[in-house]
Amino acid sequence: MTEQIVNDKYAVIKTVFTEPYQSVHIVKNVFADNEELLILNSVIDTRIIPRLVNVFLENYRDLQDSFVEFFYTAEIFYVVSKLFPGQSLYELLSQEELTEDEKRSIAYGFLRLAKENSKLPLLLQQCLCNYGNITVEGKKKVRQNHFYSFTEEDFSVENEDMIRKIGEILLAIFTNSMYAEEEGMGKLSPRVRRIIEGCLNKEYTSAEQIYSDYAIGVMRKLDEIEHKELLTDENNMYLSRSLRHGRKKQNKAGWVVTGAAVVLLLAVLMVLGFKLQSLLFGII
């Protein structure tokens, strides 16, 4: 079987999916010294290619850290991006039982990505914010792959649609189910439930607001409860909040002891001084 080479540069290793108007492949650069695998998206739908090209050109600076390159040849628009290791969120929620700490950590990583993506057009946010592109390594490290499947409807997505989609993914993470219903939120913590309800009811207007509320209301509160927040003292040694408070109490207790000792010493000196004065008067 002849190896398929795209643009005289990318050798196709595996086809992820193919449709009449687009396909996605795993490829490698034949000129690279390493064996790094990449994602190659190809769009053949001439109805949307001109708009896609404009979107990528207009947002080149914001996209350049996420993509290797994109190009147009033979009436096909190609997008090449990095392939990150790990399980997709779809696989993870379908196959694993996550702990509460893992859920909180994964949700935090997902919201960080959603905040970073908010500078991109809604078209790209819509495609990136899905269970297949959210990738989790070691049930902790959350990154984003770029498997694209564009439709004309993606060009008409609105901001409130993205907010609700974020809420649906948070609900799936915290209920450990791809098919969670809103009625299942009763078992969630009040803070998590309030944030998800805010997304589903479209009370938020940006991913940054959701991220901020989660970071302050869930992650920071968790640190305070479990004393996991790390602080730096004057010797650049890391101390937990509880240890820092303990040190303050010790310092306070030390001052109390020292003060009592000084008072006692002054009292002794006064007594000795009085006796010495009486003795001198007696001699005179």
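Some points to look at:
- Shape category assigned to the stretch 1-69 from the gyration tensor of Cα positions, a/c cut at 1.5: oblate
- P(r) tail fraction, the stretch 50-139 - alpha-carbon pairs more than 16 Å apart, %: 61
- Accessible surface comparison of 154, 33, 161, probe 1.4 Å, protein chains only, largest first: the order is 33, 161, 154.
- Approximating the spin labels as points 7 Å out from Cα along Cα→Cβ, the residue 181-to-residue 100 distance works out to 2.5 nm.
- Listed peptides 103-111, 18-26, 204-212 by packing density, highest first (mean Cβ within 10 Å): 103-111, 204-212, 18-26
The values are calculated or read from the model by the stated rules, or taken from the named source; none is laboratory data. Remember, predicted model here, so these are calculated numbers, not experimental data. Positions of Cβ are backbone-derived with ideal geometry, glycine not excepted, and every protein chain shown enters the neighbour counts. To get the accessible areas, we keep the full protein, side chains included, count just its heavy atoms, and leave off ligands, DNA and RNA. Shrake-Rupley method; radii C 1.70, N 1.55, O 1.52, S 1.80 Å.
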